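Q: Please read through the structure below; I'll follow up with questions.
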Amino acid sequence: MSVTKTPSIVIAGGGSAGWMAAAALSRFLGNAGKITLIESEAIGTVGVGEATIPQIHHFNNALGIPEAEFLEQTNATFKLGIEFVGWRDAGHSYFHGFGLLGRAVGILPFRDLWLKGRFDGSAEELGIYNFNDVAARAGRMIGLGHSPSSVRDLVYAYHFDATLYAAFLRRMAEGRGVVRMDAMIEAVERDEESGDITALRLDGDRRVEGDFFIDCTGFRSLLLGGALGVPFEDWSRWLPCNRALAVPCERVDPLHPYTRSTARSAGWQWRIPLQHRTGNGHVYCADFISDDEAAATLLANLDGKAQADPRPIRFTTGRRAQAWSHNCLALGLAAGFMEPLESTSLHLIQTAVSRFLKLIPSSNREHRVRDTFNRQVATEWEQIRDFLVLHYTVNQRTGEPFWDYCRNMELPDTLAAKIGMFEESGAVLKDEGELFTEEGWTQVMVGQGIEPQSYSALARGIDEGELRQFLSSLAEAYRQRAQALPTHAQWIDHVMKGKAA
Ligand SMILES: Cc1cc2nc3c(=O)[nH]c(=O)nc-3n(C[C@H](O)[C@H](O)[C@H](O)COP(=O)(O)OP(=O)(O)OC[C@H]3O[C@@H](n4cnc5c(N)ncnc54)[C@H](O)[C@@H]3O)c2cc1C
């Protein structure tokens, strides 16, 4: 690529990854780039990927998408967090809510106050001090900036229909000049000397040349994995699930403002409520359960009537060793896959696109840019991987072979250190630039059943009676304030009718 000409960018694949890239690049490159997207309707998309995390707001805001239009076009609902049912042991549940836990006092995070309260016997379960958790369980919702002044804002993400989302982004990208071709990519041409990709050969004797290629071809990874041969790092020793079955069912009321993840004998089941239907899926490890049993478990545990047969998806957890090689960047499933336990895949597409936009190459020889990008992406993926593994490895589901394996597997050192630190001292320190917050780590570590042996020395001097009063009035305030909010369905209606926000 040369600085003197407008770069032509070819996006291979039109799932969520392809259209997220096309929408963002066309928005920010404007007339400075020519963008072509190639997708094959004969192949289709993976069609799942419906739960997000709050960072999705950055993406939507950057693209200038009004919330009301987004809800309307993608049948979206609000998401305040994830309820984990049966992960510690059967019968137990906890919530990973977005946003803050309780209220810090001075430099003391709420976690330390709560831990002292646990030792003293004055603190109840952690969830009642997380406003997102309390509102979610009460089925309530209100948008940013709309809370009565005495109510803390809820921090939220969305659930949406993945196919409608890709279609929505497509309209936006095509409106900004992206050229779409429905074609089958049959071969990838490379420059003999540099190894860079020069063109994609398509069916019907067509050929598309480009300066830079974005591989969004899903699990196939046609360009990065296939043509460029970038190896796949297999993480299934830590995240052994390798199959999923997805099935929509009828919408049921009340409309829950959260994702539910229910542990099953060899994996887990998701429930994602949308306006027009509920998305469901069973993620499992085929070494521990047959496909038929997995399907039966899924169908037996739907809230409403199934609207289709379960659709099978196979995967291996892990990532391509480099997301960017030569003049090709992979996004989405072409770059790797981690199961949707914390809804991180679309987020990883988003951060890769925004990082790419910041570093967009002015020449194909910019190894430093590429190396920096790859280093940052690798760290980001490994940090998320550790957080996902935490959910599995700390469990008390003894006697179930899948869960016994997870409890006894050798952990990445980085995760073992985090768990050990919390067990010993109740301390949580998130790594530099890490996605998941200390609140998130705390909720999952406590939820999975880790009981710290100690807590911060700074909390020791706090008066027991005062702490008891502080904790109980905080919980009561959250409870009352949540009850005063609109229901989730009312708030969706309000935003869509009033076109608020
Ligand atoms: C079971 C499951 C559940 C998930 N749940 C979530 C979730 O809740 N939240 C979340 O953030 N993420 C989730 N994900 C991940 C999310 O679905 C993906 O990250 C996202 O959909 C991006 O997919 P993609 O665009 O990379 O691939 P795909 O959707 O598979 O798109 C691939 C594209 O490449 C095209 N293509 C492939 N080969 C060719 C060819 N030869 N010629 C032309 N075109 C070709 C296809 O036509 C298609 O357009 C989930 C994934 C799975 C498997």
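Q: Take segment 27-70 and flag every residue that is polar (S, T, N, Q), at pLDDT 95 or above and over 30 Å from GLY145 (Cα atoms). Explain how you work it out, then say what you get.
A: Narrowing segment 27-70 to residues polar (S, T, N, Q): 31, 36, 40, 45, 52, 55, 60-61.
Now restrict to residues that are at pLDDT 95 or above: 36, 40, 52, 55, 60-61.
THR36, SER40, listed by residue number.
Q: What is the residue count in segment 467-498 for residues that are farther than 23 Å from LEU71 by Cα, surrounded by 15 or more Cβ atoms within 10 Å (Cβ to Cβ) and of a type outside the set (D, E, K, R)?
A: Selection size over segment 467-498: 8.
Q: Considering (1) within 13 Å of the ligand (Cβ to nearest atom); (2) of a type in the set (Asp, Glu); (3) over 23 Å from LEU357 (Cα atoms), say which one ASP215 fails and leave the rest.
A: (3)
Q: Given the options ALA24, ALA32, ALA42, ALA12, name the one that is open to solvent by less than 10 Å² (accessible area, probe 1.4 Å) and either free of Cβ contacts under 8 Å to residues at least 60 places away in the same chain or near the ligand (Cβ under 9 Å from one of its atoms) (or both).
A: Residue meeting the stated conditions: ALA12.
Q: Among the residues of segment 285-307, is there at least one that is in contact with a Cys (Cβ under 8 Å, 6 or more places away or on another chain), at pLDDT 95 or above and buried (at least 23 other Cβ atoms within 10 Å of the Cβ)? Full working, then the answer.
A: The first filter runs over segment 285-307 and keeps only residues in contact with a Cys (Cβ under 8 Å, 6 or more places away or on another chain), leaving 285, 302-307.
In the following step, the residues that additionally are at pLDDT 95 or above were identified as 285, 302-307.
Among the residues that remain, those that are also buried (at least 23 other Cβ atoms within 10 Å of the Cβ) are: none.
No, because not a single residue in segment 285-307 is in contact with a Cys (Cβ under 8 Å, 6 or more places away or on another chain), at pLDDT 95 or above and buried (at least 23 other Cβ atoms within 10 Å of the Cβ).
Q: Using the structure shown, decide if THR372 is over 16 Å from ALA17 (Cα atoms) and touching a residue at least 12 places away in the same chain (Cβ under 8 Å). Please lay out each step first, then the result.
A: Details: over 16 Å from ALA17 (Cα atoms): yes; touching a residue at least 12 places away in the same chain (Cβ under 8 Å): yes.
Taking the combined requirement at face value, the residue satisfies it.
Q: Given ALA157, ALA162, ALA76, which one is small (Gly, Ala, Ser), out of contact with any strand residue (DSSP E or B) (no Cβ under 8 Å at 6 or more places or on another chain) and crowded, with 18+ Cβ neighbours inside 10 Å? Show your work before the answer.
A: On the way: ALA157 fails: out of contact with any strand residue (DSSP E or B) (no Cβ under 8 Å at 6 or more places or on another chain); ALA76 fails: out of contact with any strand residue (DSSP E or B) (no Cβ under 8 Å at 6 or more places or on another chain).
One residue alone meets the criteria, ALA162.
Q: Can you tell which of ARG176, ARG170 is under 30 Å from ILE272 (Cα atoms) and surrounded by fewer than 22 Cβ atoms within 10 Å (Cβ to Cβ)? If you could, list the steps in order and put the result at the bottom.
A: Working: ARG176 fails: under 30 Å from ILE272 (Cα atoms).
After ruling out the rest, the residue left standing is ARG170.
Q: Out of ASP196, ASP215, ASP205, which single residue is more than 11 Å from ALA12 (Cα to Cα), of a type outside the set (S, T, N, Q) and in contact with a strand residue (DSSP E or B) (Cβ under 8 Å, 6 or more places away or on another chain)? First the steps, then the outcome.
A: Values: ASP215 fails: more than 11 Å from ALA12 (Cα to Cα); ASP205 fails: in contact with a strand residue (DSSP E or B) (Cβ under 8 Å, 6 or more places away or on another chain).
Unique residue meeting the criteria: ASP196.
Q: Do any helices (runs of 4 or more DSSP H) lying entirely in segment 325-420 carry at least 1 residues that are open to solvent by less than 10 Å² (accessible area, probe 1.4 Å) and within 16 Å of the ligand (Cβ to nearest atom), and which ones are they? Break it down into steps so the answer makes sense when it comes.
A: Values: elements: 345-359, 367-393, 401-408.
It comes to 345-359, 367-393.
Q: Given the criterion in contact with a Cys (Cβ under 8 Å, 6 or more places away or on another chain) and modelled with pLDDT of 95 or more, identify the matching residue among PHE402, PHE387, PHE337.
A: The unique qualifying residue is PHE402.
Q: Pick from LEU108, LEU113, LEU63: which is in contact with a strand residue (DSSP E or B) (Cβ under 7 Å, 6 or more places away or on another chain), in contact (Cβ under 8 Å) with a residue 60 or more places away in the chain and more than 16 Å from the ligand (Cβ to nearest atom)?
A: Working: LEU108 fails: in contact with a strand residue (DSSP E or B) (Cβ under 7 Å, 6 or more places away or on another chain); LEU63 fails: in contact with a strand residue (DSSP E or B) (Cβ under 7 Å, 6 or more places away or on another chain).
Sole residue among the options that is in contact with a strand residue (DSSP E or B) (Cβ under 7 Å, 6 or more places away or on another chain), in contact (Cβ under 8 Å) with a residue 60 or more places away in the chain and more than 16 Å from the ligand (Cβ to nearest atom): LEU113.
Q: Here is a follow-up. Could you go through segment 465-481 and let me know if any residue there is at pLDDT below 95 and in a loop (DSSP other than H, G, I, E, B).
A: no
Q: All but one of (1) open to solvent by less than 10 Å² (accessible area, probe 1.4 Å); (2) touching a His at 6+ places or on another chain (Cβ under 9 Å); (3) within 30 Å of LEU223 (Cβ to Cβ); (4) of a type outside the set (Gly, Ala, Ser) hold for LEU63; state the number of the condition that does not hold.
A: Exception for LEU63: condition (2).
Q: Collect the residues in segment 252-284 that are under 18 Å from ARG88 (Cα atoms) and of a type in the set (A, V, I, L, M, F, W, C), keeping them in residue-number order.
A: The answer is ALA263, ALA266, TRP268, TRP270, VAL283.
Q: Kindly indicate which of THR316, THR278 is outside any strand (DSSP E or B) and closer than 17 Å to PRO340 by Cβ.
A: The match here is THR316.
Q: So GLY117 fits all but one of (1) of a type in the set (Gly, Ala, Ser); (2) crowded, with 19+ Cβ neighbours inside 10 Å; (3) in a loop (DSSP other than H, G, I, E, B); what number is the exception?
A: (3)
Q: Restricting to segment 179-231, give me the number of residues that are among the hydrophobic types (A, V, I, L, M, F, W, C), open to solvent by 70 Å² or more (accessible area, probe 1.4 Å) and more than 22 Å from GLY33 (Cα to Cα).
A: Restricting attention to segment 179-231, the residues satisfying the condition of being among the hydrophobic types (A, V, I, L, M, F, W, C) are 179, 181, 183-185, 187-188, 197, 199-200, 202, 208, 212-214, 216, 219, 222-224, 227-228, 230.
Checking which are open to solvent by 70 Å² or more (accessible area, probe 1.4 Å) leaves us with 179, 219.
From what's left, more than 22 Å from GLY33 (Cα to Cα): 219.
Residues meeting the conditions: 1.
Q: Considering only residues of segment 255-284 that are of a type in the set (D, E, K, R) and either at pLDDT below 95 or under 14 Å from ASN301 (Cβ atoms) (or both), which is most open to solvent (accessible area, probe 1.4 Å)? Talk me through it step by step, then tell me what you get.
A: From segment 255-284, those of a type in the set (D, E, K, R) are 260, 264, 271, 277; that's our starting set.
From what's left, either at pLDDT below 95 or under 14 Å from ASN301 (Cβ atoms) (or both): 260, 264, 271.
Numbers: ARG260: 66, ARG264: 44, ARG271: 20 Å².
Ranking the qualifying residues of segment 255-284, first place goes to ARG260.
Q: I've got another one for you. Please verify whether ALA51 is within 18 Å of LEU222 (Cβ to Cβ) and either within 13 Å of the ligand (Cβ to nearest atom) or open to solvent by 30 Å² or more (accessible area, probe 1.4 Å) (or both), treating the condition exactly as stated. So that I can check it myself, show each step before the final result.
A: Details: within 18 Å of LEU222 (Cβ to Cβ): no; either within 13 Å of the ligand (Cβ to nearest atom) or open to solvent by 30 Å² or more (accessible area, probe 1.4 Å) (or both): yes.
No: the conditions fail for ALA51.
Q: Do we find that GLY145 is modelled with pLDDT under 95 and of a type outside the set (Phe, Trp, Tyr) in this structure? Step through it out loud before you land on a result.
A: Numbers: modelled with pLDDT under 95: yes; of a type outside the set (Phe, Trp, Tyr): yes.
So GLY145 passes the test.
Q: Restricting to segment 137-191, name every residue that is within 16 Å of the ligand (Cβ to nearest atom) and in a loop (DSSP other than H, G, I, E, B).
A: TYR156, PHE160, ASP161, VAL178, ALA183, MET184
Q: Check whether at least one residue in segment 309-319 is more than 15 Å from the ligand (Cβ to nearest atom), surrounded by fewer than 22 Cβ atoms within 10 Å (Cβ to Cβ) and basic (Lys, Arg), and report yes or no.
A: No, segment 309-319 has no match at all.
The values are calculated or read from the model by the stated rules, or taken from the named source; none is laboratory data. All values reported here derive from a predicted model rather than from experimental measurement. Because the Cβ atoms are built from the backbone with ideal geometry, glycine has one as well, and the counts that use them run over all protein chains shown. What goes into the accessible areas is simple: the full protein's heavy atoms, side chains included, and nothing from ligands, DNA or RNA. Shrake-Rupley method; radii C 1.70, N 1.55, O 1.52, S 1.80 Å.
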